[in-house]
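Student: Have a look at this one.
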Amino acid sequence: MNHDHDDRPQLTAAQAAAVLNPPAGRNGGDLVVESLQGLGATTVFGLPGQHALGMFDALRRSSLRYVGLRVENNAGFAADAYGRITGEVAPLLLSTGPGALTSLAALQEAAAASAPVLAISSQIPTAGLGGGRHGYLHELRDQQASVRDIVKSVHTVRAASQIPSAIAAAWESALTAPHGPVWVEIPQDVLLAETTLPVVSAMDATPRELYPRPELTIAAAHLLSNAERPVIIAGGGVVRSDASGKLRALAEKIDAPVVTTFGGKGAFPWEHPLSLRSWLEDRHTTDFLEDADVLLVVGSGLGELSSNYHTFRPRGRVIQIEADAGKLESNHPALGIHSDAREALADLLEAVERREDPAAAERVRTVLEKVRVRIEAQELTLEQQVLAAVREALPDAAPSFWDMTILAYWAWSAFDARRPNTMHSAQGAGGLGYGFPAAIGAAAADPTKPVLAVSGDGGAMYSIAELATARQYDLPLTWLIVDDGGYGILREYMTGAFGETTGTELARPDFVALAESFGVPAVRTSPESLAADLGKALAAPGPSVVVLPALLRMFEPTHL
C-alpha cells in the first residue's frame, strides 16, 4: 500500500539532528511533561510521592509551572477550578495508592461539574502489577478500579513509548463534551527509566465536536415557535460552552422567561425583564415551570436541586439539550437533543420564528414578587444583609468559589453572579472543603483578578493547610470564613428532623490568629462592616482571610 506523505511537515537539518540525537538524561517523566507541553498545558497541579518522582524531576527540565498543594484532594479541587475558569485541561500529578485515593472526592466533583481535569497517577513497579500480593509500598490489587466509576476514561501505560499517545487520548477525552476528569496511570519504573526516544513534538488531541441532529432542531424550533407559554431552564452546560449570548438572543426572540440552575449562575442577566433568576427551591417558581406548555432545558439534567428535590412535574412538552447522553430524559420524558449547548442554541436561534408575548415580563415580575414576599415573611434580614455585603464587595469580573455552607445555599438562589463563569460551588458532588483550594486554582489561572472563597468553619478545617500554599505562591485571593461553631446546615437538618443534634458542634481555632501564623493577613468582621472589610481584603495584593462570626439560617424549603 502506498502512502502519500507530501503533506508531512518537513524537518530542517537542525530539527532532524535533534530528533536523531535527543538530549541525555531524560526519562519517562520527561515524556509526560513533553506531552503536556506539546498539547498546550502551561500549569500543572499536584503533590509529589515516591512512585511519581520521575514526573516531578522532569518538571525541572520543562517550562511547565507547578502549583503544589498540601493535600491531594485539595490539589484536585484546584485543578477543577482551573479547568472551569479557563476551559482548558488542568493536569493533576498524583502518586500511588493513598495519594491517588485521596484525590477521588475532588475528581467526583469534577465529574459532576464537567471540569476537564487530567489526573496522571503513578503506579507501583510493573513487576508488582496483576493483582498479586507482592507487598510493594502503596500497593492496590487494582488501582484503576477505584477511579473507573468516577472519571470519564482510564488510560493505562506499561511502556515509555505509550506515554504520549495515552496522554493525548486522555486530553481529547477530557475536552470532548461533556468535559470531565480522566485518568492516566504509569508505573514507577516506566517513569524512572532512561529513554532515548525523541523529544515529543507535534502533539494533536482535538476534541470531537458535538452537533445537534437537524431533524431534532427543526422539531424543537416548531414547538417553541408555536408555544403559548415557553420557558427556558439554563444549566451549567450553557456556562461551560460559552453560550450565554446565544441563550439571551433566543430568549428575546421568542419572549421566553429564563431560570438559571445553581450550576448555571450567570448564564442569563439577573436583572433582565425575562429573568426568573435562580429560585429553583421555591414552589412559586416550580409552579411556573410546570405551567409552561413548552419547556426548553439547556445543559441541565434536572437533577435533585434543579427540580426542587424531584417535586417538579412538567405538564407541557420538554425539550432537553444535553452534551451528556446519560442525562437525556433521565428524569423526565423529553425531545432529547444530544449536543453541545452552544451548537444547539446557535441552530435553534436560526430555526425559530420570532414570537412576541408582552405579558411574559409581567408574569416573571409576579413570580419574583411572590418569592420576595415568602422570604420576607421569614424575617431573615441578617442572611440577606450578609449576602448583599458580599455582592457589594466583590468586583463583577472576580470569580467566587463557595463551599457547602449556609451562605452558599443562599447564594445558589439569591446571589447575582452578574457574569457567566464567575460563580462556582461544590453543588455537583456536594463534598466539603471545595471553596479555598478551588480559589487557589482560579487565582493560578488568572492572577490579574482577585478571587473570593467562601466557607463555613467546618468546611474551612478541610483546607487550612492550603493557607501555606496561598502564601507560598502569593496568590490574590480572599477567604471569607463564616464561623457558626459547627456544621450549620446539618444542625438545621437534624433539629428539624429529630429535635436535637448529634456531631454537629465543633471546637475550632482562632481563625484570625491561625491565618496570621501562616503570614496571611486576617481580620474579624461583623455583618455591618463586612462589605468594607471584604472589599479592602479583595483589593489588597496576596492572600487574606476575613472571619465573620455569625449564626445564619436557611429559608424555609417548599419541597417538604
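Student: List the number of the failed condition for Thr195; all other conditions in (1) touching a strand residue (DSSP E or B) at 6+ places or on another chain (Cβ under 8 Å); (2) surrounded by fewer than 24 Cβ atoms within 10 Å (Cβ to Cβ); (3) at pLDDT 95 or above hold.
Tutor: Against the list (1) touching a strand residue (DSSP E or B) at 6+ places or on another chain (Cβ under 8 Å); (2) surrounded by fewer than 24 Cβ atoms within 10 Å (Cβ to Cβ); (3) at pLDDT 95 or above, Thr195 comes up short only on (3).
Table: residues versus (1) among the polar types (S, T, N, Q); (2) touching a residue at least 60 places away in the same chain (Cβ under 8 Å); (3) part of a loop (DSSP other than H, G, I, E, B).
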| position | (1), (2), (3) |
| --- | --- |
| Lys246 | no, yes, no |
| Glu271 | no, yes, yes |
| Trp279 | no, yes, yes |
| Asp287 | no, no, no |
| Leu295 | no, yes, no |
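Student: Right, something else. Taking the conditions exactly as written (charged (D, E, K, R) and under 30 Å from Thr366 (Cα atoms)), does Arg229 satisfy them or not?
Tutor: Criteria met by Arg229.
Student: I'd like the full set of residues that are open to solvent by less than 30 Å² (accessible area, probe 1.4 Å), in a strand (DSSP E or B) and of a type outside the set (A, V, I, L, M), limited to the range 315-373.
Tutor: Gln320, Glu322, Gly336
Student: While we're here: Under 9 Å between Cβ atoms, at least 6 apart or on separate chains: pull out the pairs that start in the range 46-67 with a residue that is touching a residue at least 40 places away in the same chain (Cβ under 8 Å) and end on any residue that is surrounded by fewer than 16 Cβ atoms within 10 Å (Cβ to Cβ) and in a helix (DSSP H, G or I).
Tutor: Pairs that qualify, where the first residue is touching a residue at least 40 places away in the same chain (Cβ under 8 Å) and the partner is surrounded by fewer than 16 Cβ atoms within 10 Å (Cβ to Cβ) and in a helix (DSSP H, G or I), are Gly49/Pro98.
Student: So which residues in the range 395-419 are closer than 23 Å to Thr558 by Cβ, open to solvent by 10 Å² or more (accessible area, probe 1.4 Å) and part of a loop (DSSP other than H, G, I, E, B)?
Tutor: Within the range 395-419, Met404, Thr405, Asp416 qualify.
Conditions tested, residue by residue: (1) open to solvent by 10 Å² or more (accessible area, probe 1.4 Å); (2) not aliphatic (A, V, I, L, M).
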{"position": "Gly266", "(1), (2)": "yes, yes"}
{"position": "Pro269", "(1), (2)": "yes, yes"}
{"position": "His272", "(1), (2)": "yes, yes"}
{"position": "Ser275", "(1), (2)": "no, yes"}
{"position": "Val297", "(1), (2)": "no, no"}
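Student: Taking the condition of being in contact with a Ser or Thr (Cβ under 9 Å, 6 or more places away or on another chain) and surrounded by 21 or more Cβ atoms within 10 Å (Cβ to Cβ), how many residues in the range 45-55 meet it?
Tutor: So the answer is 7.
Student: For Ala119, are the conditions met, namely being open to solvent by less than 10 Å² (accessible area, probe 1.4 Å), hydrophobic (A, V, I, L, M, F, W, C) and either in contact (Cβ under 8 Å) with a residue 24 or more places away in the chain or in contact with a Phe, Trp or Tyr (Cβ under 8 Å, 6 or more places away or on another chain) (or both)?
Tutor: Against the criterion (open to solvent by less than 10 Å² (accessible area, probe 1.4 Å), hydrophobic (A, V, I, L, M, F, W, C) and either in contact (Cβ under 8 Å) with a residue 24 or more places away in the chain or in contact with a Phe, Trp or Tyr (Cβ under 8 Å, 6 or more places away or on another chain) (or both)), Ala119 qualifies.
Student: Sort out which residues of the range 487-510 are touching a residue at least 24 places away in the same chain (Cβ under 8 Å), under 19 Å from Met554 (Cα atoms) and more than 26 Å from the chain's Cα centre (by Cα), and write them in order of number.
Tutor: Scanning the range 487-510 gives a single hit, Glu492.
Student: Could you list, in sequence order, the residues of the range 485-544 that are of a type in the set (Lys, Arg) and either touching a helix residue (DSSP H, G or I) at 6+ places or on another chain (Cβ under 9 Å) or surrounded by fewer than 19 Cβ atoms within 10 Å (Cβ to Cβ) (or both)?
Tutor: Correct list: Arg508, Arg524, Lys536.
Student: Just checking: which of the helices (runs of 4 or more DSSP H) contained wholly in the range 424-509 hold 1 or more residues that are among the small types (Gly, Ala, Ser) and over 12 Å from Asp403 (Cα atoms)?
Tutor: 435-445, 466-473, 488-498
Student: Still on this structure, please answer the following. Collect the residues in the range 436-474 that are hydrophobic (A, V, I, L, M, F, W, C), open to solvent by 10 Å² or more (accessible area, probe 1.4 Å) and in contact with a strand residue (DSSP E or B) (Cβ under 8 Å, 6 or more places away or on another chain), keeping them in residue-number order.
Tutor: Ala445
Student: Please work out if Tyr136 is touching a Pro at 6+ places or on another chain (Cβ under 8 Å) and among the aromatic types (Phe, Trp, Tyr).
Tutor: For Tyr136, the condition - touching a Pro at 6+ places or on another chain (Cβ under 8 Å) and among the aromatic types (Phe, Trp, Tyr) - is met.
Student: Could you tell me whether any residue of the range 169-184 is under 30 Å from Asn21 (Cβ atoms), open to solvent by 30 Å² or more (accessible area, probe 1.4 Å), within 27 Å of the chain's Cα centre (by Cα) and touching a residue at least 12 places away in the same chain (Cβ under 8 Å)?
Tutor: yes
The values are calculated or read from the model by the stated rules, or taken from the named source; none is laboratory data. This structure is a prediction, so every number in the text was calculated from the model and none was measured. Heads up, the Cβs are rebuilt from the backbone with ideal geometry, glycines too, and the neighbour counts pull from every protein chain shown. Heads up: the accessible areas ignore ligands, DNA and RNA and are worked out on the full protein's heavy atoms, side chains in. Shrake-Rupley method; radii C 1.70, N 1.55, O 1.52, S 1.80 Å.
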